[in-house]
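Here the structure is laid out as structure tokens; the discussion comes afterwards.
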Amino acid sequence: MEQGNKTKSLSGNSKQFSPLSRKGLVIAIDGPAASGKSTTARLLAKRLGYLYLDTGTMYRALTWKALRDKVDIKNPKALSELARSTRISLKPKSDLSIRVYLDDKDVTSFIRSPKVNKYVSLVSTVKELREVMVVQQREIARCRSLVAEGRDTGTVVFPRADVKIFLQASFEERAKRRWKENKERGLSLATEEVEAELANRDRIDSQRKTSPLKRAKGAIVIDNTHLDILQTVERMWEIVEKKMT
Ligand code: CDP
């Protein structure tokens, strides 16, 4: 079956994602936590009229389910089985937000909790679980123009993406942003706590064996330590425009 073939290798089978089968582009944006990927990718997608695919929400949703169902987070087999038996769908809303459904339950408000933050990187190290996610991500993207963002969208999920961007910012700036984000959501965490969680996620995401966070071949780096959201989107827009002309 086609799906079976697709799960064989994370980086294989990229031919079927040829941009020739779509009208617009495939744009892959990767980068570390709190580098501003979600907000900027969403705005860029809106400006282009493209689909926005936040791959992180899928890993978060699975992590939430694993915690809820008391699946052993240290057992890769159990996590892979969980991924295989879970249905995740993403529904874009008119206000640019995305609702995340897990087995038809809206889990959007649960997946950014401190507990999910704490375990999501660990869960995301599991190769077989990632294979299931990548198949679903490519399925969502089939024949569509889109802006995808995450850790491996340019390296693994869409290795033939038309535009690849690696978005980064200094550790201090990212920690500040994450602290502020938490505050706005009513979570008053100590700076040290936010920094420790970010450092931990950075370490696991960039050192894992399968699909580590790294700059994809051909990716253009944007360091937005000193740029705000709109300035960052503008930089992205310039890169995309060049590709279109
Ligand atoms: O929003 P934030 O940058 O904090 O993270 P996210 O994009 O929601 O991703 C949460 C976690 O999911 C990351 O720290 C990774 O461990 C994992 N992830 C991944 O492994 N691969 C992706 N393509 C996206 C997320």
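Miscellaneous remarks
Residues are listed down the side, and each one gets a yes or a no for (1) basic (Lys, Arg); (2) farther than 16 Å from PHE158 by Cβ:
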| residue | (1), (2) |
| --- | --- |
| ASP205 | no, yes |
| LEU213 | no, no |
| ALA216 | no, no |
| ILE220 | no, no |
| LYS243 | yes, no |
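- Any hit, the stretch 40-50, residues being outside any helix (DSSP H, G or I) and either within 10 Å of the ligand (Cβ to nearest atom) or surrounded by 15 or more Cβ atoms within 10 Å (Cβ to Cβ) (or both): yes
- Residue count for the stretch 87-107, restricted to those that are touching a residue at least 12 places away in the same chain (Cβ under 8 Å) and either surrounded by 18 or more Cβ atoms within 10 Å (Cβ to Cβ) or not in a loop (DSSP other than H, G, I, E, B) (or both): 9
- Failed item in (1) over 21 Å from MET133 (Cα atoms); (2) open to solvent by 20 Å² or more (accessible area, probe 1.4 Å); (3) in contact with a Ser or Thr (Cβ under 8 Å, 6 or more places away or on another chain); (4) near the ligand (Cβ under 10 Å from one of its atoms), with ARG174 passing the rest: (2)
- Residues considered: ILE111, ILE140. Of these, the only one that is touching a Leu at 6+ places or on another chain (Cβ under 8 Å) and either assigned to a helix (DSSP H, G or I) or closer than 18 Å to ASN182 by Cα (or both) is ILE140.
- Given (1) modelled with pLDDT of 95 or more; (2) hydrophobic (A, V, I, L, M, F, W, C); (3) open to solvent by less than 10 Å² (accessible area, probe 1.4 Å), index of the condition ALA141 fails: (1)
- Restricting the first member to the stretch 154-168 and to residues that are closer than 17 Å to TYR50 by Cα, and the second to residues that are open to solvent by 40 Å² or more (accessible area, probe 1.4 Å) and part of a strand (DSSP E or B), the beta-carbon pairs closer than 6 Å and six or more apart or on different chains are ILE165/ILE220.
- In the stretch 123-130, the condition of being within 9 Å of the ligand (Cβ to nearest atom) and assigned to a helix (DSSP H, G or I) is met by at least one residue.
- Residue match in the stretch 17-25 (condition: modelled with pLDDT of 50 or more, closer than 25 Å to GLN168 by Cβ, within 15 Å of the chain's Cα centre (by Cα) and buried (at least 16 other Cβ atoms within 10 Å of the Cβ)): no
The values are calculated or read from the model by the stated rules, or taken from the named source; none is laboratory data. Because the structure is predicted, anything quoted here is derived from the model rather than measured. Note: ideal-geometry Cβ built from the backbone for every residue, glycine included; neighbour counts use all protein chains shown. For the accessible areas, the whole protein counts, side chains as well, though only heavy atoms, and no ligand, DNA or RNA atoms are used. Shrake-Rupley method; radii C 1.70, N 1.55, O 1.52, S 1.80 Å.
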